[in-house]
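Report on the structure given below.
The values are calculated or read from the model by the stated rules, or taken from the named source; none is laboratory data. Everything quoted here is computed from the prediction, not taken from an experiment. Cβ: placed from backbone, ideal geometry, glycine included. Neighbour counts: every protein chain shown. The area values use the complete protein model at the heavy-atom level, side chains included, leaving out ligands, DNA and RNA. Shrake-Rupley method; radii C 1.70, N 1.55, O 1.52, S 1.80 Å.
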Amino acid sequence: MLDIVPIPALTGTYDNYIWILHDDKNAIVVDPGDAMPVLAYLQLHQLKLSGILVTHRHNDHIGGLPKLLEVYNTQVYGPQSELIPLITHHVGGGDIVEFNELGLSFDILNVPGHLPEHIAYVGNGMLFCGDILFGCGCGKMFVGTPQEFHHSLQRLAALPAETRVYCAHEYTESNIRFALLCEPGNFQLQERKRDVQALRQQDKPTVPSTIALEKATNPFMRCAEPEIIANVTRHFNLPPSAPKDEVAIFAALRTWRDRC
Ligand SMILES: [Zn+2]
């Protein structure tokens, strides 16, 4: 049976989760920002490392690669970027990565917005989305445009509703505080706040979520909602003539969030 385990890493600075998928024999590691907790887990459970999946080049997602590759001779899948020298298999939209020993197969999606070469892995009812989508939020727009970021999130929103969303950071509680500024009347969002607070009080992860839950509560996936448009308009004091299409609202939300 497949187990999907979040390994907390870089706690207090980035609050990363490194995801380990394993069946008690073989394992896949996603976005190893730090090697030590991964090595400890693999060695404790005597797992063979079948491969590493990388979503993008930020150090809190790849910082553990050198040390892991000193110990394990394994394949590293990642985006078409010369900026990640340890990738052995460059993949992009439309490619498929298969792990026969685990019975897993992932489609690659190009999801620019946080960085141009950011990719996501989707398959077997799971989405590993790095920093493009968070619980009730999304990543910063470091190198990208609101158009492509919004388009990437729309592509993820089109995945089956029950798809589990394995993002790379524990930011949900703070994201919900912002989401409630944008859409205080969203009943499901209020409910999610209570659920997330209860989980965090027990020091439990708030992820994975689902595409359905993100579509219902994540403001960055709800740019056409009248309450969100009204609150963005009020917050920025936009004139009636200002564009209020989904991309414009996304851009405004991203700016508002950056200032919170
Ligand atoms: Zn990042």
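Computed quantities for the displayed model
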read-out	value
Pairs where the first residue, in segment 146-175, is buried (at least 20 other Cβ atoms within 10 Å of the Cβ) and the second is β-branched (Val, Ile, Thr) and modelled with pLDDT under 95, C-beta under 9 Å, 6+ apart	170/11
Residue match in segment 43-53 (condition: within 16 Å of the ligand (Cβ to nearest atom) and either within 23 Å of the chain's Cα centre (by Cα) or modelled with pLDDT of 95 or more (or both))	yes
Qualifying residues in segment 94-109 (those that are part of a strand (DSSP E or B) and acidic (Asp, Glu)) - the one nearest to residue 55 (Cα to Cα)	107
Unique residue being closer than 29 Å to residue 21 by Cβ and modelled with pLDDT of 95 or more when the list is 224, 168, 198	198
Selection from segment 62-76 of residues that are within 16 Å of the ligand (Cβ to nearest atom) and either in contact with a Ser or Thr (Cβ under 6 Å, 6 or more places away or on another chain) or open to solvent by 10 Å² or more (accessible area, probe 1.4 Å) (or both)	62, 63
Yes/no for residue 80 being open to solvent by 60 Å² or more (accessible area, probe 1.4 Å) and within 21 Å of residue 155 (Cβ to Cβ)	yes
Pairs with Cβ under 9 Å, 6+ apart, first in segment 224-240 and closer than 16 Å to residue 186 by Cβ, second among the basic types (Lys, Arg) and assigned to a loop (DSSP other than H, G, I, E, B)	228/222; 229/244; 232/244
Members of segment 124-134 found to be touching a helix residue (DSSP H, G or I) at 6+ places or on another chain (Cβ under 8 Å) and within 15 Å of the ligand (Cβ to nearest atom), listed by number	129, 130, 131, 132, 133, 134
Residues within segment 144-162 that are modelled with pLDDT under 95 and either more than 17 Å from residue 109 (Cα to Cα) or within 11 Å of the ligand (Cβ to nearest atom) (or both), tallied	0
Some residue of segment 185-195 being open to solvent by less than 40 Å² (accessible area, probe 1.4 Å) and in contact (Cβ under 8 Å) with a residue 60 or more places away in the chain	no
Extreme residue, farthest from residue 186 (Cα to Cα), among residues of segment 245-260 that are open to solvent by less than 60 Å² (accessible area, probe 1.4 Å) and free of Cβ contacts under 8 Å to residues at least 24 places away in the same chain	255
Hits in segment 111-123 - residues which are open to solvent by 10 Å² or more (accessible area, probe 1.4 Å) and in contact (Cβ under 8 Å) with a residue 40 or more places away in the chain	112, 117, 122
